[in-house]
Amino acid sequence: MNGDDTDQDTTLDSQRFVDGADGDDEQLPSSAGGEGTRPEPDADGESADREESADGTEESTAGGEESTDDESPDPETTDAVDTDSASTVRDGVDSSGVDFDSASGDDDVDSSVLDDVMLDDVGSEDPEEASQGLFDDLLAGDPIFENKEVLRPSYTPRKLPHREEQINNMATILVTALRGDSPSNILIYGKTGTGKTASAKFVSTELESTSQKYEVPCEVEYINCEVTDTQYRVLAQLANKFIEKNEAVIDEELDDLEELRERAHEDPAALAETEYDSVAAVEDRIEQLEDDRESFEQVPMTGWPTDRVYSTFFDAVDYHERVVVIMLDEIDKLVEKSGDDTLYNLSRMNSELERSRVSIMGISNDLKFTDFLDPRVKSSLGEEEIVFPPYDANQLRDILEHRAEVAFEGDALTDDVIPLCAAFAAQEHGDARRALDLLRTAGELAERDQTDDVDEDHVRKAQEKIELDRVVEVVRTLPTQSKLVLFAIIMLESNGVHNINTGEVYNVYQRLCEEIDVDTLTQRRVTDLISELDMLGIVNAVVVSKGRYGRTKEISLSVPIDETEAVLLSDSRLSDIEDTQPFVQTRFDNEN
Ligand SMILES: Nc1ncnc2c1ncn2[C@@H]1O[C@H](COP(=O)(O)OP(=O)(O)O)[C@@H](O)[C@H]1O
Ligand SMILES: [Mg+2]
């Protein structure tokens, strides 16, 4: 399961939103309210208000609607601390007569809440008087982060410690492209967070810049197959990219030719050093390029037959001489979703291309994905294989130290922080992404605590939070039947039943299905669903021997009960279940 890696950010942020709303309510209004009643700004505010009352009322309404909107565009600024306190202050300020800055109001209608809180500084000379002090307390502590972006998955580091060997292997294979031949196809394997994407992007940037330096036509196209997950989309994206590139090349040549034509008109000697022996020849070439340019047709997102998309891509790539490396990241997702046709088509292209050469670099999180490939595709794609092993705790520590230097203020981290993040992530199959998430989340928790430094405790809390976020995400996306089975287990546990067996789960499950009018599966299927929940780490099911009574499963919940129950009940189909609780409870009171 690696569904958590892409969603991590959003879940973290939304979680933070909920967290903060509870925790910060108590302290913020007091500081904000206290400042809000300060005499000077109020006086300023009131006079400004009176001067432009009619306009101002409208502005403040618009602003008010905006600030209660939960879906502010930038997740970074919707941190609960800001949003929540912003609306609190705004309300208080509104009623005391301070108005919104009507000069900027029109433009700001869809801007974030933060802008709305920057109230009425039009008439105020001194910028210190303009604010109500809302953020002063929050800013008062030493900042923890110097550049938080460096810890995000989207950031591509310039140095990748402990991946030198893999990067050199890739380079040794791909250097062929700079000599004008097609490199072997490469298959890269490794679990999530082992640096595959980061290394591949690093290598592709190097390859392209070197090709520019030596003026060898070599291009790299990166496609993330988790997003672009059908043959149509992959080919369409490639076709359109190469059409754009061809157009750029043509435009450049046209510019040169038109200039040459001008000069040749005035002085035919201008043609001396060129391949053209007359102005007419130049004009022919211009005409031809213009025709070519006309003939390119971008592939629409849907609607064409696949072979037309393929031939459009083929023609676009073969338009001029070059070596093309196509990086297909998360290639296992593509094969899982749409089979290996894309890979088959791409891997046999070279035998038909006249001017260009294509080579494929596939990146997979799933070590066994080639089992699903046609043998021809498998042998062609896996000409070279590079494995990315998991990082151990020491390597993770190095990686974190490099990043932390840029991400955090000088002395923001106490000594234990990085080793602990590294240790936790090493347990999580050596996942550098997890290590960085932990470090960033720990920093954010410290920031919220308004302490000056991040300590071990923040890391432990971050670990719990990330784990909980993962559980919430997994539970939320379970199919309804699995949710019902899980809910049955939760009901049994919360009624004090331990060592739950499958029969007990099935009984409660059946009742639940009746209650909310859902088809009931067989006990056998429910047993399967329990095994799936076990594999997802949501329940723990151990087979125990009951001597001559045979063997049975003993099931227990391995996730926090209250949070999990809340997630289940947030599903509209399950939300009615709450009412059945007393019924189930009596049932077990009787049985025990
Ligand atoms: N050796 C390394 N040095 C620095 N950062 C790394 C290293 N390996 C991975 N990372 C970082 O860890 C995160 C996950 O790496 P990524 O390349 O996306 O892993 P994968 O593609 O194998 O799942 C990214 O933020 C990446 O920058
Ligand atoms: Mg990746």
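The values are calculated or read from the model by the stated rules, or taken from the named source; none is laboratory data. As the structure is a prediction and not an experimental result, all values here were calculated from the model. Because the Cβ atoms are built from the backbone with ideal geometry, glycine has one as well, and the counts that use them run over all protein chains shown.
So here's what we get for this one:
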read-out: Pairs where the first residue, in the stretch 293-317, is more than 10 Å from residue 236 (Cβ to Cβ) and the second is among the aromatic types (Phe, Trp, Tyr), C-beta under 8 Å, 6+ apart; value: 316/242; 316/296; 317/242
read-out: Pairs with Cβ under 7 Å, 6+ apart, first in the stretch 424-447 and more than 20 Å from residue 388 (Cα to Cα), second within 9 Å of ligand 1 (Cβ to nearest atom) and in a helix (DSSP H, G or I); value: 439/151; 439/400; 440/151
read-out: Candidate set: the stretch 206-254, residues that are hydroxyl-bearing (Ser, Thr, Tyr) and either within 16 Å of ligand 2 (Cβ to nearest atom) or within 15 Å of residue 299 (Cα to Cα) (or both); chosen: the one farthest from the chain's Cα centre (by Cα); value: 232
read-out: Selected residue (only one of 353, 373, 343, 334 is touching a residue at least 40 places away in the same chain (Cβ under 8 Å) and not assigned by TED's automatic domain parsing to the domain that holds residue 435); value: 334
read-out: Flag if residue 208 is surrounded by 14 or more Cβ atoms within 10 Å (Cβ to Cβ), assigned to a helix (DSSP H, G or I), in contact with an Asp or Glu (Cβ under 8 Å, 6 or more places away or on another chain) and assigned by TED's automatic domain parsing to the domain that holds residue 359; value: yes
read-out: Qualifying residue in the stretch 313-325 (condition: over 31 Å from the mean Cα position of the chain (by Cα), under 23 Å from residue 204 (Cα atoms) and surrounded by fewer than 16 Cβ atoms within 10 Å (Cβ to Cβ)); value: yes
read-out: Extreme residue, farthest from residue 178 (Cα to Cα), among residues of the stretch 349-363 that are over 33 Å from the mean Cα position of the chain (by Cα) and of a type outside the set (Asp, Glu); value: 351
read-out: Filter pass, residue 292 being over 22 Å from residue 361 (Cα atoms) and surrounded by 12 or more Cβ atoms within 10 Å (Cβ to Cβ); value: yes
read-out: Residue 427 surrounded by fewer than 17 Cβ atoms within 10 Å (Cβ to Cβ), under 18 Å from residue 195 (Cα atoms) and more than 14 Å from ligand 1 (Cβ to nearest atom); value: yes
read-out: Condition met for residue 243 (over 25 Å from residue 178 (Cβ atoms) and away from ligand 1 (no atom under 16 Å from the Cβ)); value: no
read-out: Positions within the stretch 353-400 being closer than 15 Å to residue 190 by Cβ, within 16 Å of ligand 1 (Cβ to nearest atom) and part of a helix (DSSP H, G or I), in sequence order; value: 369, 395, 396, 399
read-out: Those residues of the stretch 178-205 which are assigned to a helix (DSSP H, G or I), of a type in the set (Ser, Thr, Tyr) and within 9 Å of ligand 2 (Cβ to nearest atom), in sequence order; value: 197
read-out: One residue from 226, 259 being in the same structural domain as residue 313 (by TED's automatic domain parsing) and under 30 Å from residue 285 (Cβ atoms); value: 259
read-out: Matching entry among 559, 543 (being exposed (fewer than 13 other Cβ atoms within 10 Å of the Cβ) and assigned by TED's automatic domain parsing to the domain that holds residue 501); value: 543
read-out: Every residue from the stretch 527-540 that is touching a strand residue (DSSP E or B) at 6+ places or on another chain (Cβ under 9 Å) and either loosely packed, with under 15 Cβ neighbours inside 10 Å or in contact (Cβ under 8 Å) with a residue 24 or more places away in the chain (or both); value: 527, 530, 531, 533, 538, 539, 540
read-out: One residue from 309, 282, 325 being assigned by TED's automatic domain parsing to the domain that holds residue 231 and either within 16 Å of ligand 2 (Cβ to nearest atom) or under 18 Å from residue 231 (Cβ atoms) (or both); value: 309
read-out: Pairs where the first residue, in the stretch 194-215, is at positive phi and aromatic (Phe, Trp, Tyr) and the second is within 15 Å of ligand 1 (Cβ to nearest atom) and part of a helix (DSSP H, G or I), C-beta under 7 Å, 6+ apart; value: none
read-out: Lone qualifier among 376, 403, 357 - being at pLDDT 90 or above, away from ligand 2 (no atom under 16 Å from the Cβ) and surrounded by fewer than 18 Cβ atoms within 10 Å (Cβ to Cβ); value: 376
read-out: Helices (runs of 4 or more DSSP H) lying entirely in the stretch 451-548 (those with 1 or more residues that are under 32 Å from the mean Cα position of the chain (by Cα)); value: 456-476, 480-494, 523-535
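Listed here are the residues, each with its yes/no results for (1) within 16 Å of ligand 1 (Cβ to nearest atom); (2) in contact with a strand residue (DSSP E or B) (Cβ under 6 Å, 6 or more places away or on another chain); (3) of a type in the set (A, V, I, L, M).
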| position | (1), (2), (3) |
| --- | --- |
| 177 | no, yes, yes |
| 186 | yes, yes, yes |
| 201 | yes, no, no |
| 206 | yes, no, no |
